[in-house]
Structure formats: structure tokens, C-alpha cells
Amino acid sequence: MRYWKPELIFAEFMGPPGQFVDQFGGIPWGLPEDKWPTCSGCEAPMSLLAQFAHHSDRLDLGKDGRVLYVFICGDDCETWDPECGANKVLILDDAEMKPGRTPLPPDLTPDHLLPECRITCWTAKDDGLSEELAPWFVSPDMDPSHSGLSEEDRVKPEYCTRLGSVPTWIQHIETPDGFRFAGQIVYCLEIHDPIHAKISCREVNGKTTCEIHTGRTHPLYIYPATDEKGKWFLEFADFGDCGMGYLFVDPDPVRPDGRFLWQCY
Ligand SMILES: [Zn+2]
């Protein structure tokens, strides 16, 4: 099955993008102020986890010009649950969008924003899994660990941040009823060299840990990739213990909808 991996740049020290771009974290583009979602648990405005534009292959939102926003509560609410109101997926038609970046709600400080990483390109790949085997990974009544799936097929979907193909669940299959899998987000994002950022590094138990100071109260944590120069892993979202977020979409032409949930070890 085809899937798309993002190339990411750390955008905290760059100016506003000038138009809607696919991105993780930061400030939404085009979202009307009155649609900024609040958490049903703590009633605080949620933080943008990602925004993506419709693409007929990569992310089918049911109509050209549509965009999708995923928000998540920055407090200790039950953000893993797709139904409890501590995260929110919004899909808007282009006619519903407002020009420019959305002003921050008054009670949302930069500390609540997730680190902004822009997607400079999507690389299309194929994991070799056939479409007929997809239900073994997405249908809650089918468990790939107790199936006739070969070990070779079971490990074909790549464990990474991407759109497309089927999810690599950390725990059990949890596809929300009536939704199709759209993509997944690892808690740590792989980014290119964060140019302009002042990074301070130290060794902790033989591992290099670095900090970027961005004007938040606390620094962001970042780790150099050991296998590729110029690549870093940025601690992006709190999905429990090294978790993964899963995105689902119902690309209905009239009432599109989405769900988000996460699992961890
Ligand atoms: Zn909350």
C-alpha cells in the first residue's frame, strides 16, 4: 500500500508561512477564531497538533480545497480518547476558512503551543502490503497477531509518522466506528537541522540530549540522530510513554468528520 512520509523543518525561528501549509504544531492557518476548540475536560483552548490539506491520494477529505486540523489539550486530560473531548479533528471547506493565521485565544500562551514543524515535501513510498490484507490492521474484530497473516506481511507497514497505508498499533486495533485510517504521528518527530536555533547539548548516561530555547518557559528537547548527520529527533507531543497518535477520517461530501486517539507502551 502507498504511504507518504513528511520531510520536516523546525519553523519556530521562521516567519509566518504566507499561506496554508501542511504542518505539525504551531498556529493554525485559515481557522476562524470562533472555531478554535476548547477541551471538554478543563475548558481550556486546545493546541494545534497538525494541519493538512486535502490531497486525492495522500489524504482524501472528500472535496478539493478542504483542510483538516487536529487539536489536543495541553493539560492532563484524557487526550488519548477519541470521544472524551480532550482532542478534536476539524475539517473545513475552503469557503469556511479565514485568510491568515488564526489569532491565539487570549488564555492560550506560547507555552501551550506544540513546536512548529513545517512539511517541506511528502515522499511517496510503498510498503508492499496488498489492499486485501488491510482489514487485518484496521478492523477491530480482526487481530493481526492471531491471524493467518504471515510474519512478513505483519511487519510491512512502517512504524513512522506518515499518511496512508494501515496503522502500526502499539496496543490493540481501535479504529473508531465509521472512520477510515488516514495517518499516524510518532511522539518524536524527525526534523532537519534546526537552523538559527541555539542548541545546548550535554551527555546524559552516554546519550546526547540537547535543548532549544524558543521563548517558552521550558526548553524543547532534541536529540541528534546517530545514523544520519543533519537529522534530529524533536520531542513533539505528549502521547504517554513513547506513544503514537492515530488519525481517522470520514470523507463525507457534505458532513466530513474525523477522530484522533493515541496509544503508548
Ligand atoms: Zn483539557
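Descriptive notes on the structure:
- Shape parameters for the stretch 86-129, alpha-carbon atoms, Rg then Dmax in Å: 16.1, 48
- Against the empirical curve 2.2 N^0.38 Å, the C-alpha radius of gyration of the stretch 108-180 lands at a ratio of 1.40.
- Cα-Cα pairs of the stretch 1-150 separated by more than 24 Å (percent): 43 percent
- For residue 252, the residues 5 or more places off, or on other chains, whose built amide H falls under 5 Å of its own are 257.
- Estimated FRET transfer efficiency (residue 56, residue 242; beta-carbon r; R0 30 Å; 0.05): 0.35
- When you filter the GluC sites (Glu not before Pro) in the stretch 1-50 for DSSP loop state and at most 14 other Cβ atoms inside 10 Å of their Cβ, you are left with 43.
- The chain - charge dipole about Cα centre, Lys and Arg +1 at Cβ, Asp and Glu -1, debye rounded to 20: 860 debye
- The stretch 1-17 and the stretch 27-88: distance between their alpha carbon centers, rounded to Å: 17 Å
- Per-residue 3J(HN,Hα) values for the stretch 71-81, derived from phi via the Karplus relation 6.51 cos²θ - 1.76 cosθ + 1.60 with θ = phi - 60°, read 10, 9, 5, x, 9, 8, 7, 7, 6, 6, 8 Hz in sequence order (x marks Gly and Pro).
- In Å², nearest 10: area of residue 226 left accessible to a 1.4 Å probe: 150 Å²
- Assigned charges on the beta-carbon of Lys, Arg, Asp, Glu; the stretch 125-265 dipole about Cα centre (debye): 740 debye
- Environment charge of residue 215, counting only residues whose C-beta is closer than 15 Å and scoring Lys/Arg +1, Asp/Glu -1: -2
- Measuring nothing but protein heavy atoms, the accessible surface of the stretch 71-122 at 1.4 Å probe radius is 52 percent carbon and sulfur.
- Here the Karplus curve 6.51 cos²θ - 1.76 cosθ + 1.60, taken at θ = phi - 60°, turns the phi angles of the stretch 54-65 into couplings of 4, 8, 4, 8, 6, 8, 7, 9, x, 6, 4, x Hz, with x standing for Gly and Pro.
- Rg [Å, one decimal], Dmax [Å, integer] - the chain, C-alpha atoms: 18.3, 54
- For the stretch 1-140, the Cβ-based charge dipole about the Cα centre amounts to some 460 debye (Lys, Arg positive; Asp, Glu negative; other atoms uncharged).
- Using all pairs of distinct alpha-carbon atoms, the Kirkwood hydrodynamic radius of the stretch 125-247 works out to 16.8 angstrom.
- Qualifying GluC sites (Glu not before Pro) in the stretch 150-231, where qualification requires a DSSP coil assignment and no more than 15 other C-beta atoms within 10 Å, comprise 158, 228.
- Helices in the chain, meaning DSSP H runs of at least 4 residues, each add -39500 (n - 2.57). Divided by all residues, the mean residue ellipticity at 222 nm is -500 deg cm²/dmol.
- The lysines whose alpha-carbon is closer than 27 Å to the alpha-carbon of residue 156, local same-chain residues fewer than 8 away aside, are 5, 125, 229, 231.
- Rolling a 1.4 Å probe over the protein heavy atoms leaves residue 156 with an accessible area of roughly 60 Å².
- Two-decimal Rg/Rh across the stretch 1-79, once Rg and the Kirkwood Rh are taken from alpha-carbon atoms: 0.99
- Alpha carbon Rg of the stretch 54-104, scaled by the compact-globule rule 2.2 N^0.38 Å: 1.37
- Shown for the stretch 72-193 is the translational diffusion coefficient from the Stokes-Einstein equation, using the Kirkwood radius over Cα pairs, a temperature of 10 °C and a viscosity of 1.306 mPa s: 90 µm²/s.
- The stretch 127-169: Cα Rg divided by the 2.2 N^0.38 Å rule of thumb: 1.06
- Net charge over other residues, Cβ less than 9 angstrom from the Cβ of residue 24 (K, R count +1; D, E count -1): -1
- With DNA, RNA and ligands ignored, accessible area of residue 122 (1.4 Å probe; Å², nearest 10): 50 Å²
- Computed from the Cα positions only, the extents of the stretch 197-265 along the three principal axes stand at 52, 29, 24 Å, in decreasing order.
- For the stretch 25-127, the set of trypsin sites (Lys or Arg not before Pro) satisfying both a DSSP loop assignment and a count of at most 16 other C-beta atoms within 10 Å is given as 63.
- Leading residue at positive end of dipole, the stretch 86-168 (Cβ point charges), from 124, 91, 147: 91
The values are calculated or read from the model by the stated rules, or taken from the named source; none is laboratory data. Being a predicted model, the structure only gives us computed values, none of them experimental. Cβ coordinates were reconstructed from backbone atoms using ideal geometry, including for glycine residues, and neighbour counts include every protein chain displayed. Keep in mind that these areas ignore ligands, DNA and RNA; they rest on the heavy atoms of the full protein, side chains included. Shrake-Rupley method; radii C 1.70, N 1.55, O 1.52, S 1.80 Å.
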